[in-house]
């Protein structure tokens, strides 16, 4: 089984062909092809290849653009009538990995 470790959005993801991952929002619409050039390591039946001289890329297809679940912060002070709710939804892109080259 072949897999790769890619870097996107400041995070590292271990991916194999056919995987669907959620990454920080990328430019593009659903159905568009995308290439990840920042590949940290590639592993296959022969072993692991890594390092600065690694010439590899991972190809994928954008499945969906959206927002993650809402993160809610709730503050309260007992017996004082103080209640505050804050929320945030981080935009994401869902990507299906179609191939690993290298």
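Only one residue in 81, 102, 47, 66 is touching a strand residue (DSSP E or B) at 6+ places or on another chain (Cβ under 9 Å) and either within 23 Å of residue 2 (Cα to Cα) or loosely packed, with under 10 Cβ neighbours inside 10 Å (or both), so which one is that? Show your work before the answer.
On the way: 81 fails: touching a strand residue (DSSP E or B) at 6+ places or on another chain (Cβ under 9 Å); 47 fails: touching a strand residue (DSSP E or B) at 6+ places or on another chain (Cβ under 9 Å); 66 fails: either within 23 Å of residue 2 (Cα to Cα) or loosely packed, with under 10 Cβ neighbours inside 10 Å (or both).
Of 81, 102, 47, 66, the one residue that is touching a strand residue (DSSP E or B) at 6+ places or on another chain (Cβ under 9 Å) and either within 23 Å of residue 2 (Cα to Cα) or loosely packed, with under 10 Cβ neighbours inside 10 Å (or both) is 102.
More than 16 Å from the chain's Cα centre (by Cα) and free of Cβ contacts under 8 Å to residues at least 40 places away in the same chain - does that describe any residue in the range 64-71?
yes
Tally time: how many residues in the range 10-27 are part of a loop (DSSP other than H, G, I, E, B) and either modelled with pLDDT under 90 or within 15 Å of residue 97 (Cβ to Cβ) (or both)?
Within the range 10-27, the subset part of a loop (DSSP other than H, G, I, E, B) is 10, 17-19, 25-27.
Among the residues that remain, those that are also either modelled with pLDDT under 90 or within 15 Å of residue 97 (Cβ to Cβ) (or both) are: 17-19, 26.
Number satisfying all stated conditions: 4.
I need the full set of residues from the range 20-32 which are over 11 Å from residue 94 (Cβ atoms) and touching a strand residue (DSSP E or B) at 6+ places or on another chain (Cβ under 6 Å), in order please.
Of the residues in the range 20-32, the ones over 11 Å from residue 94 (Cβ atoms) are 24, 27-29, 31-32.
Result: 28, 32.
Can you tell me which of 20, 32, 24 is under 25 Å from residue 67 (Cβ atoms) and exposed (fewer than 12 other Cβ atoms within 10 Å of the Cβ)? Working first, answer last.
Values: 20 fails: exposed (fewer than 12 other Cβ atoms within 10 Å of the Cβ); 24 fails: exposed (fewer than 12 other Cβ atoms within 10 Å of the Cβ).
None of the other options fit; the residue is 32.
The values are calculated or read from the model by the stated rules, or taken from the named source; none is laboratory data. Just so we're clear, the structure is a prediction, and the values are computed from it rather than from any experiment. Every residue, glycine as well, gets a Cβ built from its backbone with ideal geometry; the counts of neighbours run over all protein chains shown.
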